[in-house]
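The values are calculated or read from the model by the stated rules, or taken from the named source; none is laboratory data. Because the structure is a prediction, the values reported are computed rather than measured. For neighbour counting, all protein chains shown are included, and Cβ atoms are generated from backbone atoms with ideal geometry for every residue, glycine included. Just so you know, the surface numbers come from the protein's heavy atoms only, side chains and all, with ligands and any DNA or RNA stripped out. Shrake-Rupley method; radii C 1.70, N 1.55, O 1.52, S 1.80 Å.
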Amino acid sequence: MSAEAVVTSGIATTLELSTPIVFGGLGGVLSERSGVLNIALEGTMLVGAFGYFAGAAATGTVIGGIVLAVAAATSGALVLAWLAIHANADQVIAGMAVNLIASGLTDFLYQAIYGVSGTAPVPGMGPVGIPLLDKIPVVGPSLFDQSLLTYLALLAVPAVSFWLFRTRAGLHVLAVGERPEAADSAGLGVYKIRYLSVAASGVACGLGGAFILTQVSSFSSDMTAGVGYIALAAVIFGNWRPRGVLVAAVLFGAFEALQSILQSLGVSVPYDLLLAVPYLVTIVAVSGFVGRVRAPQADGVPYVRS
Amino acid sequence: MSLGGGISVPGGDPPGEAVASPQASVAAAPEPARSLSALVRAALVERNGSRVVLSAIAAVVAFALGAVALVANGISPWAAYSALFSGSFGSAQSLASTAVQTAPLLVASLAVGISFRAGVFNIGAGGQLGVGALAAGIVGGYVHLGTGVELLAMAAASLVAGGLWAAVPGLLKAYTGANEVITTLMLTYVAADLIDYAVTGPAKASGAINQTPQLAGSALLPTLVGNTQLTAAILVGIALVPLVWLLLFRTTYGMRLRMVGLNPGTAAAAGFSVRRVGVSVLALSGALAGLAGMLEVSGVLGSVPQNMSLQVGYTAIVVALLGNNGPAGILLASVFLGALTAGSTTMQSAVGVSGPFVVFLEGIMIGSVVGMPAIARGLARRRRGEARAAGAR
């Protein structure tokens with residue numbers, strides 16, 4: 001491979017691997033900024049992936065897949081929301097419950113619906129070049145020849161960031177996640193805002209799960225394979241900020257891309273140990289060794305109106 | 001407000017520990033002569049009832065929702081559930097496979113239960129189990145010692161590996177305040193990657209398959225009943241139940257541990273080092289989970305494979321919750337979930353669905369344990385409200 005080809009494929013692969021982490025991470029930011037700890041990102045994304053598969057298989061269209069992915073993942077997120085907000089459940093346990101239900105139910109439904117006969121691959125989403133820009137050497141084919149969902153993920157980062165920190169609704173979310181009592185006495189509906197935020201996180205996870213499925217066009221058991229937990233890591237490493245999530249996601253994606261490039265160049269690397277890097281840097285980040293990250297103050301704390 | 005009208009919780013209940021908290025366990029024992037409906041009411045609405053009742057209701061809810069999912073896919077729940085039962089308790093062979101599934105799960109659940117008792121959320125038992133399994137697999141596969149000594153060396157290696165693996169989040173929590181939920185969870189994935197690295201590289205057995213060497217002879221736990229997979233692993237698990245009980249309820253350390261779980265502030269005021277208890281509990285919990293990994297390698301798998309399933313670590317959380325973090329409850333709940341796992345193979349051949357369905361049931365069970373009290377209290381309040389409205393008229 002020429003040096004140019006290596007760089008091009010490195011950037012392209014990094015973006016591709018980062019896309020689901022960005023979606024999941026934005027979902028995590030929205031939910032946790034409102035005060036609902038979300039370790040169910042993995043399960044919600046898995047439900048999204050299955051939803052895309054079922055929707056695309058039933059309708060034969062990409063749109064059908066995306067609609068069902070978002071609908072299914074949002075329902076999954078609402079289970080977490082109800083347990084966390086209304087049932088005052090411990091949010092770690094509630095998240096585990098959603099992850100287990102998602103893992104079991106998607107695999108069960110896949111076996112029950114498609115298992116015996118099997119199905120043809122569903123329509124996926126190939127790269128779409130942006131006219132003119134994709135003709136630029138190196139950055140053209142790497143940055144501007146991606147899945148539509150990757151462009152959407154990249155655009156969603158500044159959009160969510162602006163919404164969260166610069167609009168009234170976003171500031172309400174922040175208030176509810178930091179000081180729910182104060183927000184409540186100021187007349188904000190703490191429960192409603194938390195429900196909507198977790199639902200929004202479901203939408204993001206649905207898109208992330210859909211992206212994972214569009215890359216391979218068929219469903220397999222537990223196919224998110226830890227991406228949801230990497231997204232959770234990106235939330236923390238990114239200090240609960242959309243831009244931080246993007247930086248973390250690109251960093252984590254680059255580690256994986258680097259490995260596959262080194263391997264294709266015949267350089268032997270301990271592949272599995274590189275895969276552990278995102279988890280390790282997250283542990284370092286929560287331990288405050290390199291600039292402490294700070295969770296929203298009411299993250300994970302159920303709000304009980306007195 | 002419409003959404004917020006919901007749930008009010010008695011003031012003393014610390015947020016975030018609604019159900020997992022050890023406080024449920026200090027509730028008064030239920031009086032013997034109460035009707036079933038009173039028991040259900042106590043467990044769901046008044047929060048002072050028996051945890052066994054709450055767990056049993058959760059299991060019923062899971063089977064009911066499971067039946068709905070089966071019917072929706074044109075599968076007879078009767079056929080599925082009877083296959084599940086016959087595959088777990090129906091014959092000597094199925095009883096043996098239930099015991100095989102139960103052994104590592106029981107030990108891992110005791111590990112999780114101990115940490116929950118101390119108010120420490122070790123949700124990474126799967127990772128500790130994995131490094132314990134790896135350590136035991138390496139010692140058993142590469143270091144050849146005599147009968148008995150070999151197994152002891154493997155057990156020691158797994159205890160140390162699991163203990164150290166969990167001591168890291170313990171120390172981080174104590175000295176940097178890092179949340180153990182995040183660190184133990186992340187370390188589970190690191191453990192999975194470490195196992196794959198080891199079994200494809202430095203610890204790989206000769207031959208084509210990526211795994212540690214196949215254990216043989218003195219590195220295998222002795223088989224209890226011929227022609228079955230039943231090994232002494234289940235005896236180790238059962239022996240640990242009274243030991244953990246003694247530790248929790250008959251030693252000073254156990255009392256400190258439970259006090260820290262109930263109220264860290266009071267424990268600190270009484271002069272206990274909450275920090276030290278936290279670190280040691282995580283190390284102890286990790287060591288036990290590591291031992292569960294040794295039981296799995298030496299009693300079930302025979303070697304550490306690539307992509308080893310660490311699912312037991314999550315199932316152990318379900319068991320600990322259903323068993324209310326007590327040794328006896330955990331024993332019951334682990335037999336129950338071990339049976340479901342064992343029976344799922346028979347269910348596969350009978351109706352074509354298997355393991356994932358059981359994972360779905362597990363998820364519903366813990367969702368129900370933490371969610372049902374809220375539903376029940378809501379219904380009770382509505383009924384009271386209606387009664388008041390009727391009285392006013």
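With the requirement that a residue be among the acidic types (Asp, Glu) and in contact (Cβ under 8 Å) with a residue 24 or more places away in the chain, what does segment A:56-110 give you?
Within segment A:56-110, A:ASP107 is the sole residue that qualifies.
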Considering segment B:248-260 alone, what residues qualify as being crowded, with 17+ Cβ neighbours inside 10 Å and charged (D, E, K, R)? B:ARG256, B:ARG258
Would you confirm, using the coordinates I've provided, whether A:LEU149 is closer than 30 Å to A:VAL29 by Cβ and either free of Cβ contacts under 8 Å to residues at least 60 places away in the same chain or more than 14 Å from every other protein chain (Cβ to nearest Cβ) (or both)? yes
Here is a check on your reading of the model: is B:ARG377 farther than 15 Å from B:ILE57 by Cβ, in a helix (DSSP H, G or I) and open to solvent by 20 Å² or more (accessible area, probe 1.4 Å)? no
Pairs only if they're at least six apart or on different chains, beta carbon under 6 angstrom, first in segment A:214-240 and of a type in the set (S, T, N, Q), second assigned to a loop (DSSP other than H, G, I, E, B) and modelled with pLDDT under 90; list them, first residue then second. A:THR214/A:GLY124; A:THR214/A:MET125; A:SER217/A:PRO121; A:SER217/A:VAL122; A:SER217/A:GLY124; A:SER218/A:PRO121; A:ASN239/A:VAL293
I need the full set of residues from segment B:201-217 which are under 29 Å from the mean Cα position of the chain (by Cα) and of a type in the set (S, T, N, Q), in order please. B:ASN210, B:GLN211, B:THR212, B:GLN214
I'd like to know if segment A:157-166 contains one or more residues that are open to solvent by 10 Å² or more (accessible area, probe 1.4 Å) and either among the β-branched types (Val, Ile, Thr) or touching a His at 6+ places or on another chain (Cβ under 9 Å) (or both). yes
So, first residue open to solvent by less than 50 Å² (accessible area, probe 1.4 Å) in segment A:174-197, second residue among the polar types (S, T, N, Q) and not in a helix (DSSP H, G or I), Cβ within less than 8 Å, six or more apart or across chains; the pairs are A:VAL176/A:SER34; A:GLY177/A:SER34; A:GLY177/A:GLN297; A:GLU178/A:GLN297; A:ILE193/A:SER34; A:ARG194/A:SER34; A:SER197/A:SER34
How about segment A:19-126: which helices (runs of 4 or more DSSP H) wholly inside it have at least 1 residues that are within 13 Å of chain B (Cβ to nearest Cβ), open to solvent by less than 10 Å² (accessible area, probe 1.4 Å) and farther than 20 Å from A:GLN297 by Cα? A:41-59, A:91-110
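What about B:GLY146, is it open to solvent by 10 Å² or more (accessible area, probe 1.4 Å), within 14 Å of chain A (Cβ to nearest Cβ) and farther than 29 Å from B:THR345 by Cα?
No: the conditions fail for B:GLY146.
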Would you mind finding the one in B:THR212, B:THR228, B:THR184 that is of a type in the set (S, T, N, Q) and either surrounded by fewer than 24 Cβ atoms within 10 Å (Cβ to Cβ) or free of Cβ contacts under 8 Å to residues at least 12 places away in the same chain (or both)? B:THR228
Every residue from segment B:350-359 that is within 23 Å of B:VAL318 (Cβ to Cβ), facing another protein chain (nearest Cβ under 7 Å) and open to solvent by 10 Å² or more (accessible area, probe 1.4 Å): B:PRO356, B:VAL359
Which listed residue, of A:VAL250, A:VAL267, A:VAL277, is surrounded by fewer than 21 Cβ atoms within 10 Å (Cβ to Cβ) and within 13 Å of another protein chain (Cβ to nearest Cβ): A:VAL277
For the structure I just gave you, tell me whether B:TYR175 is at the interface with another protein chain (Cβ under 7 Å from one of its Cβ atoms) and either open to solvent by 50 Å² or more (accessible area, probe 1.4 Å) or within 27 Å of B:VAL236 (Cα to Cα) (or both). no
State all residues of segment B:81-132 that are in a loop (DSSP other than H, G, I, E, B), aromatic (Phe, Trp, Tyr) and closer than 30 Å to B:VAL68 by Cβ; if no residue qualifies, say none. none
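Conditions (1) among the hydroxyl-bearing types (Ser, Thr, Tyr); (2) over 20 Å from the mean Cα position of the chain (by Cα), marked per residue:
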site	(1), (2)
B:THR252	yes, yes
B:LEU257	no, no
B:VAL260	no, yes
B:GLY265	no, yes
Let me confirm something: among A:ALA89, A:ALA169, which residue is out of contact with any Cys (no Cβ under 6 Å at 6 or more places or on another chain) and under 24 Å from A:GLY208 (Cβ atoms)? A:ALA169
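Quick check on segment B:43-53. Is at least one of its residues among the charged types (D, E, K, R) and on the phi > 0 side of the Ramachandran plot?
Filtering segment B:43-53 for residues among the charged types (D, E, K, R) gives B:46-47, B:51.
Now drop any that are not on the phi > 0 side of the Ramachandran plot, which leaves B:47.
Among the residues of segment B:43-53, at least one is among the charged types (D, E, K, R) and on the phi > 0 side of the Ramachandran plot, which makes the answer yes.
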Considering only residues that are open to solvent by 60 Å² or more (accessible area, probe 1.4 Å) and either over 15 Å from B:SER109 (Cα atoms) or in a loop (DSSP other than H, G, I, E, B) (or both), which ones fall in segment B:231-247? B:LEU235, B:LEU246
